[in-house]
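Working notes, structure below.
The values are calculated or read from the model by the stated rules, or taken from the named source; none is laboratory data. Everything numeric in this text was worked out from a predicted model, so none of it was measured. For neighbour counting, all protein chains shown are included, and Cβ atoms are generated from backbone atoms with ideal geometry for every residue, glycine included. Just the protein is used for accessible areas: all its heavy atoms, side chains included, with ligands, DNA and RNA removed. Shrake-Rupley method; radii C 1.70, N 1.55, O 1.52, S 1.80 Å.
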Amino acid sequence: MTDSFAHCASHINYRHKMKTMFIFSTPCCSPSTAFFSPFRASNSKPLRSTLSLRSSISSSSITSTSHCSLAFNIVKHKEKNVVSANMTSSVSSRTFLNAQNEQDVLSGIKKEVEAGTLPASIAAGMEEVYLNYKSAVIKEWRSQSNRNCINKIRLPLIDRIFLDVKEPFVFEAHHKAKREPFDYYMFGQNYIRPLVDFETSYVGNMPLFIQMEEQLKQGHNIILMSNHQSEADPAIIALLLEMRLPHIAENLIYVAGDRVITDPLCKLFSIGRNLICVYSKKHMLDNPELVDMKRKANTRSRKEMAMLLRSGSQIIWITPSGGRDRPVANSGEWAPAPFDSSSVDNMRRLVDHSSPPGHIYPLAILCHDIMPPPLKVEKEIGEKRIISYHGTGISTAPEISFSNTTAACENPEKAKDAYTKALYDSVTEQYDVLKSAIHGKKGLQASTPVVSLSQPWK
């Protein structure tokens, strides 16, 4: 490890009081290789684990550069997890590798547009994200050496976006996180990490997360029924758990909508997560010509999930609302979006029909300040990116039993609604505690008999 890299890593450790904040296998002075997979002992198994980041990208540019991703669930390959030769080859000759400063990067983007190798709309998004990220963290990292570290973190994003424009990555219905030769998981973690104020971040009911890990070791399945705040959700969950529960942080499977695997500025983060790829109900009818294909794709993804659950020891994150939370119209306050009872019931049935025991936990997450979504749902892929430094939080509550919750229900429909309400009410209650701790600035004092807050990285 070089002195410059050691300074970068030790500085982050000091700021957040964590044992390991950045994991690189090469020094900071080599930005495009900085996230290649670290050495693993021969007797250890690589752990598996969406983060997406969108910008102002036109639908026409999506069609021209990554249209093959739209058929993620009906494209078959001889080998799974196909990666283009350019993505796995030497990175020593690529445009942004030798960039020494911000001007070099912006100039490189301009040159690629002029050469016709980078669509102007994607280039605009790259510039927007590159500059907005700097603005979000620059106040926290005031010294020149620390600012140089910020640039080293941003460069791999620009480099990998450009690579994917040239050779689009194709997702399988069940995508396994790419950890080698380029570690996309750690790339996503290290990109989001500087945006999190760990001093004002919290985990609710940490003992229950530890209980989940024990259940996974016994071959049980875990389902997290959660609200959804931003494209940063997967990284936030992993960042807040990685010190105590790295297995969960890296192995968690996310049910992800097609938008996060088709947007060129989202895909890089999605590649680093374990995904079950589906088409969201909110966008199912956006293009009538694709409705049949989308439904068939979702059927295949459902079968993939059923196979995973039958194998046991799976932990899956699903958002029954079908999209990100938005501010409530009459108050302007953020709150978990209502859960769709059919989505909840379909997931519950999959768990019940699997041989291994299954446990369904309600999970609340608060992190919209990091990357807030547009105030309204947009049909077109691409949105203006706002990136901020802020406290975040996650919380879980005891698993909710379907039989106990619905014992007094008169028919299956009422049972389905009652169970969905029980999960949603728990998520909302936990969310309010996180909100009090983070936005209300009550910190650990916001704990209640139902939600005990802690900071397990300390």
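The table that follows gives values for the structure above.
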read-out: Peptides 258-269, 429-440, 325-336 ordered by average Cβ neighbours within 10 Å, highest first; value: 258-269, 429-440, 325-336
read-out: Pairwise centroid distance, computed over Cα atoms, of segment 206-285 with segment 166-181, Å; value: 16
read-out: Paramagnetic reach from THR405 (point 7 Å along Cα→Cβ, amide N under 19 Å) across segment 206-225; value: 208-209, 212, 221-225
read-out: Packing rank of 390-401, 242-253, where each peptide gets the mean count of other beta carbons within 10 Å, highest leading; value: 390-401, 242-253
read-out: Probe 1.4 Å, protein heavy atoms only - accessible area per residue of segment 171-454 in square angstrom; value: 37
read-out: FRET efficiency for GLN100 and THR200, using Cβ-Cβ distance with R0 set to 35 Å, rounded to 0.05; value: 0.50
read-out: Simple spin-label estimate for SER135 and LYS303 in nanometres, 7 Å along Cα-Cβ; value: 4.7
read-out: Portion, in percent, of the accessible area of segment 171-454 that falls on carbon or sulfur, probe 1.4 Å; value: 53
read-out: Prolate/oblate/rounded label for segment 171-300 (Cα gyration tensor, a/c 1.5); value: prolate
read-out: Amide H contacts under 5 Å for TRP334, placed H, 5+ residues apart; value: VAL328
read-out: From phi via Karplus (6.51, -1.76, 1.60), per-residue ³J(HN,Hα) for segment 128-135 in Hz, x at Gly/Pro; value: 4, 5, 4, 6, 5, 4, 4, 4
read-out: Rounded to the nearest 10 Å², the accessible area of LYS458 at probe 1.4 Å; value: 120
read-out: Fraction of the pair-distance distribution of segment 171-454 above 32 Å, Cα-Cα pairs, percent; value: 20
